[in-house]
Every structure is written in structure tokens, then in C-alpha cells.
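This report refers to the structure that appears directly beneath it.
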Amino acid sequence: MLPLSDLVSNTRLQADISTTTSDWAASNLNLAQSFPVIDSHIHLWPASGSPFGRGYGIQDYLATSAGVDVPGFVFIETNRQVGTQADVTQAAKQPLDEIKFLRRIVEGHPQDGDRFVANHSRLLLGMVPWAPIDRGVKGFEEYMIEAEKAAGPLAWTRVKGFRYLLQSIRTKDQFSSLVLSDPVVEILRSFTAKGRNFIFEVGVDQRSGGVWQLETAADMIQKVRAGVEEAKKVTFILGKCTPRSIESMH
């Protein structure tokens, strides 16, 4: 296992900075007002099928970020629930519906409860929906076909990568057996093959799940990138590793 102290020097990780906490926003408002901010991690959801009750759309986001110059943002998958059916279109109905919601934003066609207007399309610079790295290569490729159909050609150009919330796996053996498996390695390597150029967001939570999640994810990254030419190495985004959480490990 890769020691935590070697994580940054031995693994090319890109940490995303998110404006998701009110404490951060309050203490850094003056700084944020001084230059444009591309928000690299936001969540939106329509009222229909919402896991949180009412919808939260771009109109709500702009109200929350009022006073800060936000020329655009990157959407990250929002707590979509996945079934166990063999048919990926049934099992992944919620993630596919989420992509259809994003398509409506890109194409400027809001439905009741979407909480955006047509010209908000320009703000959605990229999106990182869910993808099933746990269903084997065949299941993953079947999903990719359906995801591209759901997005349509215009919105598909704004898909920059995918994520899978590994943080929910709370046992080391189960976590390792998935992320270090040959099918997962093959799936992640395909992110920069077949004409693709996708990133993978590493959804771990070392604060509540344990530091071992981060260390095992680093092992996964090394395994995926080992022996691959530089231009074809997949980029991994570490989504929940802030300076404060890193400091808490020492």
C-alpha cells in the first residue's frame, strides 16, 4: 500500500476546490469577489425525482453565490440511487434521468421544477455524471451507450468525466477487491481510449471512512497508470481532500 506521506509526490492527483460550505464562503467572500471563480464542484437537481425534496437549480445556485463572479461551473453527480437489475437502463434510471436534466440545461429547455432559464446553459462548462465501475467492462460499456443517448450530441461534449462514490464501501477488503480488480483497471484505462478523454473523480472520504480509503485509492491510481504512455494516462480528481482534512491526518 502506498504510504500517505508519499501520496502527493508519487501520484498525480488534482484536488478540486469547492465553495460548498457557508463558513468557507463567509471567511473568503472578499477574496472571492476580487477575481472570477470557476466553481469546480456543484450539485443541482430538479424537483421531479429529487432525493432531497424540492429542487435546487441554477437559479438557486446564483442566489447562493450572489456577490461572487462565477462565469461558470462544473456539475458533479448528485446522490443518484442505483438498482440491482441486470438491465442497465433500469438499474441506472436515476443517473440517466440526471443526464437528461443536464441535457435540458445545455439545450435551454427547462421543465417545471428545473429552476433554470434558457441562457443559463452558458454557465454549465462541464459535467461529471455517475458511471458503474462495479458492473464489469460489459456493463460499463452498455451504460456508456445509454448515457450518450440520454445526453444527446451537444450535452455529451460537456461530459468531462465520471465518478463513482467509493466512500460508501466501509470495509477494506471489499474496497480493495473492487478498486484493484482487473475489470476496474480496464474500465478506467478506457477513459482515454476509444476516442475518449475523460477524467475520473475519486469519491473517497478519508475523514469518516478512514485514511485507508485514500491510500487504497492511490494504489488504484498507480495500477491504472502503470506502464501507460504519458498521453494516455487517465487524470484522477480527488474530490474531498482539503488542506484542513489533510492536516487532520498528521
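The values are calculated or read from the model by the stated rules, or taken from the named source; none is laboratory data. All values derive from a computational prediction rather than experimental measurement. Quick reminder, even Gly has a Cβ in these numbers, built from the backbone with ideal geometry, and neighbours come from all protein chains shown.
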- prompt: Only one residue in VAL117, VAL159 is farther than 22 Å from ASP87 by Cα, assigned by TED's automatic domain parsing to the domain that holds PHE75 and within 16 Å of the chain's Cα centre (by Cα). Which one?
  reply: VAL159
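Return the only residue of VAL88, VAL82, VAL137 being assigned by TED's automatic domain parsing to the domain that holds LYS160 and at pLDDT 95 or above.
Details: VAL88 fails: at pLDDT 95 or above; VAL82 fails: at pLDDT 95 or above.
VAL137 is the lone residue from the list that is assigned by TED's automatic domain parsing to the domain that holds LYS160 and at pLDDT 95 or above.
Among the residues of region 124-166, write down those that are hydrophobic (A, V, I, L, M, F, W, C), within 30 Å of VAL37 (Cα to Cα) and not in a strand (DSSP E or B).
Step one: filter region 124-166 for residues hydrophobic (A, V, I, L, M, F, W, C), giving 124-125, 127-128, 130-131, 133, 137, 140, 144-145, 147, 150-151, 154-156, 159, 162, 165-166.
Next, only the ones that are within 30 Å of VAL37 (Cα to Cα) stay: 124-125, 127-128, 130-131, 147, 150-151, 154-156, 159, 162, 165-166.
Those that are hydrophobic (A, V, I, L, M, F, W, C), within 30 Å of VAL37 (Cα to Cα) and not in a strand (DSSP E or B): ALA131, ALA147, ALA150, ALA151, LEU154, ALA155, TRP156, LEU165, LEU166.
Among the residues in region 23-40, are any modelled with pLDDT of 95 or more and in contact with a strand residue (DSSP E or B) (Cβ under 7 Å, 6 or more places away or on another chain)?
Taking region 23-40 and keeping what is modelled with pLDDT of 95 or more, we get none.
The answer is no; no qualifying residue exists.
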- request: Please go through region 64-123 and pick out each residue that is part of a helix (DSSP H, G or I), surrounded by 15 or more Cβ atoms within 10 Å (Cβ to Cβ) and among the basic types (Lys, Arg).
  value: LYS93, LYS100, ARG103, ARG104
- prompt: Pick from region 225-236 the residues that are of a type in the set (A, V, I, L, M, F, W, C) and under 25 Å from VAL74 (Cα atoms): which of them is surrounded by the most Cβ atoms within 10 Å (Cβ to Cβ)?
  reply: PHE236
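Considering each residue of region 153-178, count those that are out of contact with any strand residue (DSSP E or B) (no Cβ under 9 Å at 6 or more places or on another chain) and buried (at least 16 other Cβ atoms within 10 Å of the Cβ), and give that number.
Looking only at region 153-178, we keep the residues that are out of contact with any strand residue (DSSP E or B) (no Cβ under 9 Å at 6 or more places or on another chain), and these are 153-154, 156-157, 167-178.
Retained after the next criterion (residues that are buried (at least 16 other Cβ atoms within 10 Å of the Cβ)): 156, 167, 169, 175-176, 178.
Summing the residues that are out of contact with any strand residue (DSSP E or B) (no Cβ under 9 Å at 6 or more places or on another chain) and buried (at least 16 other Cβ atoms within 10 Å of the Cβ) in region 153-178 gives 6.
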- prompt: Residues in region 192-224 that are among the aromatic types (Phe, Trp, Tyr) and either crowded, with 22+ Cβ neighbours inside 10 Å or not in a helix (DSSP H, G or I) (or both): how many?
  reply: 2
statement: For region 157-191 the number of residues that are closer than 20 Å to GLY139 by Cβ and either hydrophobic (A, V, I, L, M, F, W, C) or free of Cβ contacts under 8 Å to residues at least 60 places away in the same chain (or both) is 24
